[in-house]
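Accompanying notes for the structure given below.
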Protein chains: 2
Amino acid sequence: MPDRTKAKSKPFGDAAAFSEAAECLKMLAHPVRLRIVQLLLQGRYTVGELAEDCGVPDNVASEHLRLMQRCGFFTSEREGRRVYYQVAEPHLENIINCVEDRFLSSLQSKSA
Amino acid sequence: MPDRTKAKSKPFGDAAAFSEAAECLKMLAHPVRLRIVQLLLQGRYTVGELAEDCGVPDNVASEHLRLMQRCGFFTSEREGRRVYYQVAEPHLENIINCVEDRFLSSLQSKSA
DNA sequence: TTGACATATCGTGAGATGACGATACTATCG
DNA sequence: CGATAGTATCGTCATCTCACGATATGTCAA
């Protein structure tokens, strides 16, 4: 029995931290958002470019981007009529790598 | 401009893989489930133990465990009246580590 | 200015999620 | 056997999520 004392080390004391982490994961837990994060980890893209790649209308992509921007995932810069998004949260790369390891590994490798 | 050709490498072709990954992340995207995964990565626990630590009623914990078991996260073994759950999906550890790095690092370190 | 393009925001509605209480099952104890 | 502890399942309901269409904003070109 490996230290089953459970010594009240954490009777879920930091529930707030877990909630914050859960919120973040919820943001990632959508196929289109996942794809958008993956793309933006490789460079800057506009709303329209992301929308086209994901096969969703522009406004849908725009909403996903807004949600993720509110979480601090991305920042945006307007250039003319276009708006470029880019990654602002450095830990996204680690998490996406884990996810790719498990689910998307076969697709990614050939890009190198 | 870093190869912005976007060479139709993936017009979201593998949407199925992204959906599967998103489903998995959705499972993790809940504070109680996150905590349960963290605990089970450190050993076997019963429904009641997990429920108490998380501060939720037994049936709620049981439902979360059932959902995660359906995803292949866990397996369970009955011992007398109790049911012990344990981790079955090895990649959970990596993902949780990433999440801890970002959100829960201050709590975990003292365990070492 | 007018019109077209790119993006953002809003209202709505269908579907999913998650907590709760009640109940049912399983195993042990007396 | 009945009683109880531990777990699982079900129905219900409030809430959230997400896509859609419509509309608004911002930018540039003519």
Taking only C-alpha pairs under 8 Å that are 6+ residues apart, what is the relative contact order of region A:19-105 in percent? 27
Please list 3J(HN,Hα) in residue order for region A:33-42, calculated via the Karplus relation 6.51 cos²θ - 1.76 cosθ + 1.60 where θ = phi - 60°; whole Hz, with x for glycine and proline. 5, 4, 5, 4, 4, 4, 5, 5, 6, 9
What is the distance, in nm, between label points placed 7 Å from the Cα along the Cα-to-Cβ direction at A:Gln42 and at B:Ser105? 2.8
Would you mind telling me the share, in percent, of accessible area of region B:25-89 contributed by carbon and sulfur at probe 1.4 angstrom? 44
Given +1 on the Cβ of Lys and Arg, -1 on the Cβ of Asp and Glu, and no further charges, what dipole in debye does region A:19-105 carry about its Cα centre, rounded to the nearest 20? 180
Buried accessible area for the B:A pair, summed, 1.4 Å probe, in Å² rounded to 100? 4300
Taking the label point 7 Å from Cα along the Cα-Cβ vector, the copy-to-copy distances for A:Thr75, listed from shortest in nm with one decimal, are 4.9
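Taking 1 over the mean of 1/r across every pair of different Cα atoms in region B:25-89, what Kirkwood radius in Å do you get?
Details: mean 1/r = 0.0874 Å⁻¹.
After inverting the mean inverse Cα-Cα distance, the result is 11.4 Å.
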Residue separation times 0.36 nm, minus the C-alpha to C-alpha distance between A:Glu89 and A:Thr75: what's the value? 4.1 nm
Filtering trypsin sites (Lys or Arg not before Pro) in region A:21-112 by DSSP loop and by at most 16 other Cβ atoms within 10 Å leaves A:Arg81
With θ set to phi - 60°, apply the Karplus curve 6.51 cos²θ - 1.76 cosθ + 1.60 along region A:77-90 and write out the HN-Hα couplings as whole Hz, x wherever there is a Gly or Pro. 9, 7, 9, x, 7, 9, 10, 9, 9, 8, 6, 10, 9, x
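The values are calculated or read from the model by the stated rules, or taken from the named source; none is laboratory data. Remember, it's a predicted structure, so these values are computed and weren't measured experimentally. For neighbour counting, all protein chains shown are included, and Cβ atoms are generated from backbone atoms with ideal geometry for every residue, glycine included. Side chains included, ligands, DNA and RNA excluded: accessible areas come from the protein's heavy atoms. Shrake-Rupley method; radii C 1.70, N 1.55, O 1.52, S 1.80 Å.
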